[in-house]
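Working notes, beginning with the structure itself.
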Amino acid sequence: MDDCRADDDRPDDHQPVDDRDRPDDIYMAGRHAPDGSAAHHLYLWIESLHEILDRFLDQYTPEGWQHDYSARELPQLEGQLLDFCRGDDGSDSNAMFIESAAAYLGETLLAEAGGRWDWDECAGMGGLPVVCPDPALGLEPLVPLLVVAQALKDRTGKVFATAARLLRKAVRDRQREHPEWWPKRVPTPWADYGCLFTAGDTAHRWQSARMLDYLDWWAEEAGGRQRWNFTPASLDRLETLLRENFPTVEDYHAASDEPFWVMAAWYVGKCVVEGKGAQWQYRGINPDAPPGTWHAEDCYWAGAVFVNQRLRYDGHAELLPVMLRDVVAGESLRDVVDRFPDRAPEGEYVRGEPAWPTVLWQLAHPEHLAAPTLPSLTAAELKELEETDDLQGPDWEDNHRLNTWLAERRETFPAWAGQAGGGTTVWDFSPQSLDLLEDLVRGTFRSYDEAWAEQDSPFLVGAAWYFGEVQVRQCGAVWRWCPRPPTERLPGDFPTVAGPAPHTKNDDSDDEKESADDLCEDHGPDEDDDDPVHLCDPLSELRALFVRDPDERLRHALHAYG
């Protein structure tokens, strides 16, 4: 599919804006590099990732798959790979699954170790995309496609997880020496789950709505449902209908957005889906994409539902209105539909040890698949690696970022308490000390805006930690923070404390209501995972003192725990 061809309806003088003045975008820079160069190969790979990952999500992943590029999913992904490629039916499916697994693996490794995609001209036969971890780690690039090949060759089910564990170990080792450090990465454009889900969901909803229109009114309005049964003969009827209504292409353009003709275009697409094995597809518009690239607003395919034989490398794709336009221009509708190759003959599904897909030989010949991509590990080294890292973390309640922050707060607390007045004797994490904290904050700032401007100051950060720590020590709350810092500082990026919400007693209970202090002293958090969780953002609560009723006190936060 030519992803960014010029639309025939565009003015001849349409020229995409040159994006060579975007030096910050290392991925788009290769768009203007010479064909065949490493930079141009990298650009083409980055542009194709959305299609590869969208196809993977839409066609190859099971229901409930969490498409979040987390390391915990890698054993499942490798298991799927081994099962899917256990046999071969002669189609492109194995190669496409391998390609998808390599792309997903690469994005997952980048999520773990930072860095970016690059193109290695020495990898494979003529170069392959590689993952380059954050340079601070000092690691060699990884070739995801060859890691996938090693997984298929070894068939241990542990190759993907080992690759992730080795990167996570390198990150942990560096963070021991540099606690504030976190790997940085160049974001891959248009590859996150939100973009992929929106694309697939839009195509599904659009075609489902058109099917309802077909059943409700269009088929009857067009002469009766018995005439419109998605057969080749019905295409002849639609061609006649088009010629009767539109003498010229301009006449069709003027009416192409009318519901009846939108449905007519859908009907042809449905015939292609049913008869030629195509799929409905939608490519969203990325407002940040440079003009002339594959996801920009001016891309031929962006912003519309189309049909695409995306499960075969020799497949064809068409925009729906264009097929009708070409009929009005004089082409046979059957010929338009026959632009799509017929379904490939279904070969016999052969189980066993399938060869590396021939279609991928141009990328990696068998001799490049023989040598392991990952460093050799002894059984003892592999066991130690697995015991150290279960791939489930870091979680929000136990991670390097949060633990480092908490350690700093505990270390600086005596100095903060001395500056606040009274030292650690007064600031004893008791519920009563929250009244002192409230008076201190109100006496230090005059307004919400002043507190907002000083939210990163040692005083206010220390006060927020103290407020949260009272809830931790008195009520069994726990600190939580996103394990990874955002690329850019965001409002509200501050640790929170969490605990179970209180149980509501029956109105006819004879039990007297216990005080908040008693509840905190006598009861820890309820361990029932089904209970809703109470969250408190200590920094926000301190700022909120200046916009709430004076009767709303900090100590009331303790009532939220039961």
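Could you list all residues from the stretch 112-138 that are open to solvent by less than 30 Å² (accessible area, probe 1.4 Å) and of a type in the set (A, V, I, L, M)?
113, 123, 128, 130, 131, 137
Among the numbered criteria (1) modelled with pLDDT under 95; (2) open to solvent by 70 Å² or more (accessible area, probe 1.4 Å), which single criterion is violated by residue 338?
(1)
For the stretch 341-356, which residues satisfy the criterion of being under 30 Å from residue 319 (Cβ atoms) and surrounded by 12 or more Cβ atoms within 10 Å (Cβ to Cβ)?
341, 343, 344
Read through the list (1) modelled with pLDDT under 95; (2) among the polar types (S, T, N, Q); (3) surrounded by fewer than 18 Cβ atoms within 10 Å (Cβ to Cβ), then give the number of the only condition that residue 245 fails.
(1)
Tell me, which residue of the stretch 372-384 that is of a type outside the set (Val, Ile, Thr) and in a loop (DSSP other than H, G, I, E, B) is nearest to residue 154 (Cα to Cα)?
372
Filter the stretch 533-554 down to residues that are under 24 Å from residue 481 (Cβ atoms) and open to solvent by 90 Å² or more (accessible area, probe 1.4 Å), then give me how many there are.
2
All but one of (1) at pLDDT 95 or above; (2) within 18 Å of residue 190 (Cβ to Cβ); (3) aromatic (Phe, Trp, Tyr) hold for residue 119; which doesn't?
(2)
Taking the stretch 315-335 on its own, how many of its residues are closer than 30 Å to residue 99 by Cβ and either at pLDDT below 95 or part of a helix (DSSP H, G or I) (or both)?
Residues meeting the conditions: 3.
Given the criterion open to solvent by 10 Å² or more (accessible area, probe 1.4 Å) and touching a residue at least 12 places away in the same chain (Cβ under 8 Å), identify the matching residue among 269, 277.
277
Given (1) surrounded by fewer than 20 Cβ atoms within 10 Å (Cβ to Cβ); (2) in contact with a Gly (Cβ under 6 Å, 6 or more places away or on another chain), identify the lone condition not met by residue 154.
If we test residue 154 against (1) surrounded by fewer than 20 Cβ atoms within 10 Å (Cβ to Cβ); (2) in contact with a Gly (Cβ under 6 Å, 6 or more places away or on another chain), just (2) comes out false.
What single numbered condition from (1) touching a Lys or Arg at 6+ places or on another chain (Cβ under 7 Å); (2) farther than 20 Å from residue 148 by Cβ; (3) open to solvent by 40 Å² or more (accessible area, probe 1.4 Å) fails to hold for residue 34?
(1)
If residue 369 satisfies all but one of (1) modelled with pLDDT under 95; (2) in contact with a Gly (Cβ under 6 Å, 6 or more places away or on another chain); (3) open to solvent by less than 30 Å² (accessible area, probe 1.4 Å); (4) not in a loop (DSSP other than H, G, I, E, B), what's the number of the condition it fails?
So the condition that residue 369 fails would be (2).
Which of the following residues is modelled with pLDDT of 95 or more, aromatic (Phe, Trp, Tyr) and farther than 17 Å from residue 336 by Cα: 214, 267, 252?
Result of the check over 214, 267, 252: 214.
Just the residues that are touching a Leu at 6+ places or on another chain (Cβ under 7 Å) and not β-branched (Val, Ile, Thr), please, taken from the stretch 106-115.
Hits for the stretch 106-115 are 109, 112, 113.
What is the one condition in (1) open to solvent by 20 Å² or more (accessible area, probe 1.4 Å); (2) within 30 Å of residue 112 (Cα to Cα); (3) at pLDDT below 95; (4) not acidic (Asp, Glu) that residue 506 does not satisfy?
All conditions are met except number (2).
Can you spot a residue in the stretch 433-440 that is surrounded by 15 or more Cβ atoms within 10 Å (Cβ to Cβ), in contact with a Ser or Thr (Cβ under 7 Å, 6 or more places away or on another chain) and either at pLDDT below 95 or over 30 Å from residue 310 (Cα atoms) (or both)?
no
If you take the residues of the stretch 75-89 that are more than 24 Å from the chain's Cα centre (by Cα) and of a type in the set (Asp, Glu), which of them is nearest to residue 386 (Cα to Cα)?
Step by step, filter the stretch 75-89, then rank; the result is 83.
Kindly provide the set of residues from the stretch 215-241 that are surrounded by fewer than 18 Cβ atoms within 10 Å (Cβ to Cβ), over 20 Å from residue 325 (Cα atoms) and not β-branched (Val, Ile, Thr), ordered by number.
215, 216, 217, 220, 221, 223, 224, 225, 226, 227, 229
Check 426, 472 and return the single one that is in contact with a strand residue (DSSP E or B) (Cβ under 8 Å, 6 or more places away or on another chain) and either open to solvent by 20 Å² or more (accessible area, probe 1.4 Å) or of a type in the set (Phe, Trp, Tyr) (or both).
Every option except 472 fails the conditions.
Go through the stretch 213-243 and report how many residues are farther than 19 Å from residue 335 by Cα and either touching a Lys or Arg at 6+ places or on another chain (Cβ under 6 Å) or not hydrophobic (A, V, I, L, M, F, W, C) (or both).
Within the stretch 213-243, residues that are farther than 19 Å from residue 335 by Cα and either touching a Lys or Arg at 6+ places or on another chain (Cβ under 6 Å) or not hydrophobic (A, V, I, L, M, F, W, C) (or both) number 11.
Can you spot a residue in the stretch 113-129 that is closer than 29 Å to residue 348 by Cα and either free of Cβ contacts under 8 Å to residues at least 60 places away in the same chain or out of contact with any Cys (no Cβ under 6 Å at 6 or more places or on another chain) (or both)?
No, the stretch 113-129 contains no residue that is closer than 29 Å to residue 348 by Cα and either free of Cβ contacts under 8 Å to residues at least 60 places away in the same chain or out of contact with any Cys (no Cβ under 6 Å at 6 or more places or on another chain) (or both).
If I filter the stretch 254-262 for residues that are in contact with a Gly (Cβ under 8 Å, 6 or more places away or on another chain), in a loop (DSSP other than H, G, I, E, B) and either surrounded by 19 or more Cβ atoms within 10 Å (Cβ to Cβ) or not basic (Lys, Arg) (or both), do I get at least one hit?
no
Does at least one position in the stretch 271-287 carry a residue that is part of a loop (DSSP other than H, G, I, E, B), more than 24 Å from residue 60 (Cβ to Cβ), touching a Lys or Arg at 6+ places or on another chain (Cβ under 9 Å) and modelled with pLDDT of 95 or more?
Checking the stretch 271-287: not a single residue is part of a loop (DSSP other than H, G, I, E, B), more than 24 Å from residue 60 (Cβ to Cβ), touching a Lys or Arg at 6+ places or on another chain (Cβ under 9 Å) and modelled with pLDDT of 95 or more.
Determine if the stretch 81-92 includes at least one residue that is open to solvent by 10 Å² or more (accessible area, probe 1.4 Å), under 20 Å from residue 280 (Cβ atoms), not in a loop (DSSP other than H, G, I, E, B) and not aliphatic (A, V, I, L, M).
Scanning the stretch 81-92 turns up no residue that is open to solvent by 10 Å² or more (accessible area, probe 1.4 Å), under 20 Å from residue 280 (Cβ atoms), not in a loop (DSSP other than H, G, I, E, B) and not aliphatic (A, V, I, L, M).
The values are calculated or read from the model by the stated rules, or taken from the named source; none is laboratory data. In this text the structure is predicted, and so the values were computed from the model without any measurement. A quick note on method: Cβ atoms are made from the backbone with ideal geometry, for glycine too, and the neighbour counts reach across all protein chains shown. Accessible surface is based on the protein model in full, side chains and every heavy atom, while ligands, DNA and RNA are left aside. Shrake-Rupley method; radii C 1.70, N 1.55, O 1.52, S 1.80 Å.
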